Amino acid sequence: MLKAERLVQHQPTQYPTLEELSIGKIKFKAFDLGGHQIARRVWKDYYAKVDVVVYLVDSYDKERFAESKKELDALLCDESLVNVPFLILGNKIDIPYAASEDELRYHLGLAGVTTGKGKVNLADSNVCPLEVFVCSIV
């Protein structure tokens, strides 16, 4: 939707892709690396190129929350990403019984750690932004 300004159903990412996007006067590049086991092997190849990490979690697939937490923890502890803001998106909230924002934050071990939504004055700290939002991405 960001690029074509229309709803498009996307297939799961098989290979890393690059999209150049514009929102108003802001232009940026988005790398979609995928989250399956094989795709994770190349994540480190992109660390030097990022200004923010958008980490997408299937809010409905609660059986994989532990796996998502493990991978997210590894990213958050990586020295290459220590100063990079993180946006965690819980996707598929339109599906009944999908995890709420608070439930997702709890299962990912982020309760009391997130910085957005006015909880932490980032201007007065050296804390890197980290926040959880829920959404439905088509």
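The values are calculated or read from the model by the stated rules, or taken from the named source; none is laboratory data. Given the structure is predicted, the values throughout are model-derived calculations rather than measurements. Note that we place each Cβ from the backbone using ideal geometry, even for glycine, and neighbour counts take in every protein chain shown.
Residues that are more than 28 Å from Thr17 (Cα to Cα) and without any contact (Cβ under 8 Å) to a residue 24 or more places away in the chain number at least 1 in the following helices (runs of 4 or more DSSP H) confined to the stretch 37-135: 101-107. Just to be sure before I move on: is Leu56 within 19 Å of His36 (Cα to Cα) and modelled with pLDDT under 95 in the structure I sent? Yes, satisfied.
Take the conditions (1) of a type outside the set (Phe, Trp, Tyr); (2) farther than 20 Å from Ser136 by Cβ; (3) touching a Gly at 6+ places or on another chain (Cβ under 6 Å); Leu104 misses just one of them, which is (2). Identify all residues within the stretch 82-100 that are loosely packed, with under 15 Cβ neighbours inside 10 Å and on the phi > 0 side of the Ramachandran plot; write none if there are none. Once the filter is applied, which keeps residues that are loosely packed, with under 15 Cβ neighbours inside 10 Å and on the phi > 0 side of the Ramachandran plot, the stretch 82-100 yields only Tyr97.
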